[in-house]
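Taking it in order: structure first as structure tokens, then the write-up.
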Amino acid sequence: MTTATKRLRRSGLAGLAALATVGGALVVTAGSAGATSTATITNIAGANRYETAAKLATTTFPSGAANVILASGDAAHFPDALAGNYLAGQLGAPILLTTNSTSTLPAETAAAIKTLGATTVYVLGDTKAVPQSQRDQLASLGVTTVTPVGGADRF
């Protein structure tokens, strides 16, 4: 057995858990040696990436979330959303997605912000990633604080 194969086998369960939790919840229980493991997977999906993010947010935070992270779901800006996971973890906040191809937030994203009762939105990236018109729209959704988070470049 090659070293790469050994590493793959060792990381297989962790990789499965990471993959499964992207689309839902994974609970793994293991008993004593020789016992079988069981897993319960809940699939949460929408018609597109914006709806999927909104469903994940409202399902994960059924009591709402004062803080929300807003990032572009567009191919050119997806690293912002990936990097935003640290902030989301620190704040206990969901990450919602938008697109820079329209002047308004996707309907699913706007609805999730209202449903969650978010009052603070951390916007990842510059106005090329999340247009100013969308940032301005947040006030009409009940958001009182819009905090931009970005740097000179994605690094």
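The values are calculated or read from the model by the stated rules, or taken from the named source; none is laboratory data. Source: prediction; values computed, not measured. Because the Cβ atoms are built from the backbone with ideal geometry, glycine has one as well, and the counts that use them run over all protein chains shown. Heads up: the accessible areas ignore ligands, DNA and RNA and are worked out on the full protein's heavy atoms, side chains in. Shrake-Rupley method; radii C 1.70, N 1.55, O 1.52, S 1.80 Å.
May I ask you to verify whether G125 is closer than 13 Å to A54 by Cβ and surrounded by 20 or more Cβ atoms within 10 Å (Cβ to Cβ)? So that I can check it myself, show each step before the final result.
Values: closer than 13 Å to A54 by Cβ: no; surrounded by 20 or more Cβ atoms within 10 Å (Cβ to Cβ): yes.
When the stated conditions are applied, G125 does not pass them.
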Checking the conditions here, which among D80, D136 is open to solvent by 10 Å² or more (accessible area, probe 1.4 Å), acidic (D, E) and touching a strand residue (DSSP E or B) at 6+ places or on another chain (Cβ under 6 Å)?
D80
What number goes with the only condition from (1) more than 13 Å from the chain's Cα centre (by Cα); (2) at pLDDT below 90 that F78 does not pass?
(1)
What single numbered condition from (1) touching an Asp or Glu at 6+ places or on another chain (Cβ under 9 Å); (2) surrounded by fewer than 20 Cβ atoms within 10 Å (Cβ to Cβ); (3) among the hydroxyl-bearing types (S, T, Y) fails to hold for T120?
(1)
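Wholly within the range 88-155, which strands (runs of 3 or more DSSP E) include no fewer than the required count, namely at least 1 residues that are within 15 Å of the chain's Cα centre (by Cα)?
Details: elements: 95-98, 120-124, 145-149.
Counting at least 1 such residues, we get 95-98, 120-124.
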For Y50, all conditions in the list (1) modelled with pLDDT under 95; (2) farther than 20 Å from F155 by Cα hold save one; what is the number of the exception?
(1)
For the range 140-155, check the following and say yes or no: at least one residue is closer than 19 Å to A81 by Cβ, open to solvent by 80 Å² or more (accessible area, probe 1.4 Å) and of a type in the set (D, E).
yes
State all residues of the range 65-87 that are in contact (Cβ under 8 Å) with a residue 24 or more places away in the chain and not in a loop (DSSP other than H, G, I, E, B); if no residue qualifies, say none.
N67, V68, I69, L70, A71, S72, P79, D80, A81, A83, G84, L87
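Return the total of residues in the range 92-117 being among the β-branched types (V, I, T) and open to solvent by less than 10 Å² (accessible area, probe 1.4 Å). Full working, then the answer.
First, the residues of the range 92-117 that are among the β-branched types (V, I, T): 95, 98-99, 102, 104, 109, 113, 115.
When the remaining residues are screened for being open to solvent by less than 10 Å² (accessible area, probe 1.4 Å), the result is 98, 109, 113.
Selection size over the range 92-117: 3.
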Taking the options A71, A57, A25, A39, name whichever one is at pLDDT below 50 and touching a strand residue (DSSP E or B) at 6+ places or on another chain (Cβ under 8 Å).
A25
